[in-house]
Every structure is written in structure tokens, then in C-alpha cells.
Amino acid sequence: MDSPNQAGPGRSWAKRLGTLGAVAVLALLSGCTKEQISTGFFPAESKGATNHTEAYTSLWNGAWIALLIVGLIVWGLILWSMIAYRRRKNDRGLPVQLRYSMPIEILFTVTPVILVVGFFFQSVQVMEKTTDDTTPGEQVIEVSAKQWAWDFNYVNQDVYFAGTQVNLDGSEKPGETAPTLYLPVDTDLEIKLHSRDVIHSFWVPAFLEKRDMIPGHDQSLNLRAEKEGEYVGKCAELCGEYHSEMLFNVKVVSKVEFEDYTESLADKGNTGQLGSEYDRNWYPKEGAEK
């Protein structure tokens with residue numbers, strides 16, 4: 001005669017396994033600093049770097065917390081079921097067969113829908129604050145990507161900086177020779193992005209934002225740099241043989257230092273703007289013969 005499994009004897013094992021899992025999680029988290037956890041393991045310098053980073057970090061951390069809670073519940077139920085309802089020595093035949101449980105079916109259907117809808121609306125709110133930010137820039141800066149360096153036009157001051165490719169020979173620090181983009185702190189910025197040849201990608205890891213730069217499809221990045229400091233940037237799109245050397249630096253400085261820097265460019269004769277005459281177009285212009 002079939003005898004159903006009994007859950008009683010397995011409860012102690014479930015408790016032990018749960019305790020072991022909690023200890024393991026605490027042991028893993030103990031190796032992380034408070035700052036790493038608060039920034040979601042993003043670069044430490046991203047904290048407060050721009051007016052967008054907090055929104056990205058909050059969305060990232062919130063998503064992981066929600067997913068970990070759901071994961072712990074699911075893993076706990078799986079392990080508890082494996083132990084509590086395991087086959088025992090005295091069991092004969094099959095356990096009692098159940099077709100379904102309406103409350104469980106509803107729970108497993110409604111919970112994912114709630115999570116997906118919640119993530120959707122949170123993502124939309126973050127995008128409105130960051131990706132879709134169209135705040136007019138007090139300072140307009142044009143960044144042009146080229147194989148394999150960067151040009152910077154400071155539009156308000158009508159000066160420019162022409163970058164050259166970084167030479168990674170194993171003996172020098174890239175930051176010493178990489179093109180440097182200066183940004184004034186606490187200033188609404190409009191960074192216009194343009195590619196002179198192939199597809200590139202403007203990426204400053206500490207800003208938690210990245211924008212593709214596609215020839216013929218210019219776009220802008222609107223933000224406010226809120227913390228002075230030096231940051232690294234790079235092209236994040238494989239753009240040719242020397243893609244790894246397409247590096248640049250970002251210096252967020254005071255407004256006075258920014259004005260001094262742009263004046264120094266003018267003193268060097270770097271007046272005017274580097275325009276489309278330096279582009280290398282791979283496609284025919286409108287009205288031209290193919």
C-alpha cells in the first residue's frame with residue numbers, strides 16, 4: 001500500500017541548510033566594503049559624479065535587491081521540498097499525487113507580472129531623468145571621434161583641442177598623453193557627439209553612461225558634472241586596428257579653471273572650430289552621384 005512522505009523529520013535538515021546558506025551569504029558579503037555595496041559595484045568614483053549617476057545606481061541596486069529576495073524564496077522552497085519530501089527507507093510506492101494548487105498557481109503567475117510591470121515603470125522614470133534629459137546646456141561642447149583619437153570643440157568660447165592617438169608601448173601611462181576633455185563643475189552641459197569616420201562609442205565609466213557615435217547620426221548627452229576630479233574615458237566600440245589606443249581623460253574643474261584652460265587654447269592659436277571638413281565619409285552625400 002502506498003504511503004505518503006512525512007514532512008516532519010526533514011524540517012531539522014531544512015533549518016540546518018537554511019542556516020548554512022545564511023552564513024555563506026554573510027561570509028560573501030563580509031568581503032565587500034560598504035562603499036562597494038552602496039554603489040552596486042559600479043566604479044567608486046561614480047558616486048555623485050553627475051546628476052544622473054544616483055538614478056542609475058538606485059535602479060541597479062533596487063533591481064538586485066528585488067531579484068535576490070525572489071531568488072532566496074524560490075531556492076529556499078526548492079531545497080525545503082527536496083529535503084522535507086525526500087524518499088525515506090520505509091516509503092513504499094509513490095507519494096500522494098497532486099494535480100495543482102490554485103493559490104500557488106496564482107502566486108507564481110501574479111508575482112512575475114508585478115515584477116515586470118514594476119521594473120518597466122522604474123526604468124521609464126530613470127530614462128526620463130537621464131537618457132531623455134534635454135536640459136539646455138550653459139556650455140556646449142562638441143566631441144568628434146576619429147580613428148583613433150578625439151577632437152573637442154568648446155563652442156561657447158570658440159576654441160578647440162585636436163587630439164592625437166595614444167601610444168601604448170608598455171612604458172608610459174596613457175593618461176599622460178591622452179586627449180583631455182575639460183568640463184566645468186555644477187554647469188548644465190550639452191555634449192554633442194559626432195563621428196568622423198566609422199562607428200565609435202563615447203564612454204566615461206564613472207558617469208555610468210555610454211553613447212554610440214554613428215556617422216551621419218549625431219546625438220547629444222545632456223548632464224551636469226557635480227564633482228571635481230579626473231576620470232578616464234575610452235571608445236567602447238570596436239573601431240579598427242588601434243581601438244585599444246582610443247583613450248581620453250576627463251577633468252571636471254571649477255568654472256574659473258575651465259575659463260583659464262579655454263583661454264590657454266586661444267593663446268596657442270586654437271581658435272575657431274574643427275568642422276566636418278575633417279570627416280572621412282564612407283557614404284555619398286545627398287545629391288551626389290553614386
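Throughout, read-outs are computed from the coordinates displayed, never taken from laboratory work. Not measured: the values here are computed from a predicted model. FYI the Cβ positions are ideal-geometry reconstructions off the backbone, even for glycines, and counts take in every protein chain you see.
Rounded to whole Å, give me the distance from the Cα center of the range 261-275 to that of the range 69-121. The range 261-275 and the range 69-121 have Cα centres separated by 67 Å. Per-residue extension of 0.36 nm, minus the Cα-Cα distance of residue 70 and residue 113, leaves a gain of 14.2 nm for this segment. Can you return the aspartates and glutamates within cross-link range of residue 255? Criterion is Cα-Cα under 16 Å, with same-chain partners fewer than 8 residues away left out. In chain and number order, the partners are 138, 186, 188, 190, 226, 228, 230, 263. Within the shell defined by Cβ-Cβ distances under 9 Å, the residues around residue 184 carry a net charge of -3, with Lys and Arg each +1 and Asp and Glu each -1. Less than 14 Å Cβ to Cβ from residue 229, Lys/Arg counted +1 and Asp/Glu -1: what total charge do the surrounding residues give? Its environment carries a net charge of -3. Assign one of three labels to the range 139-278, namely rounded, prolate or oblate, based on the Cα gyration tensor with a ≥ b ≥ c the square roots of its eigenvalues; rounded applies when a/c is under 1.5, prolate when it is not and a/b is larger than b/c, and oblate otherwise. Rounded shape, in that the Cα axes give a/c under 1.5. Using a simple spin-label model with pseudo-atoms 7 Å out from Cα toward Cβ, residue 255 and residue 155 lie 1.9 nm apart. The length gained by stretching the chain between residue 243 and residue 78 to full extension, at 0.36 nm per residue less their Cα-Cα distance, is 54.7 nm.
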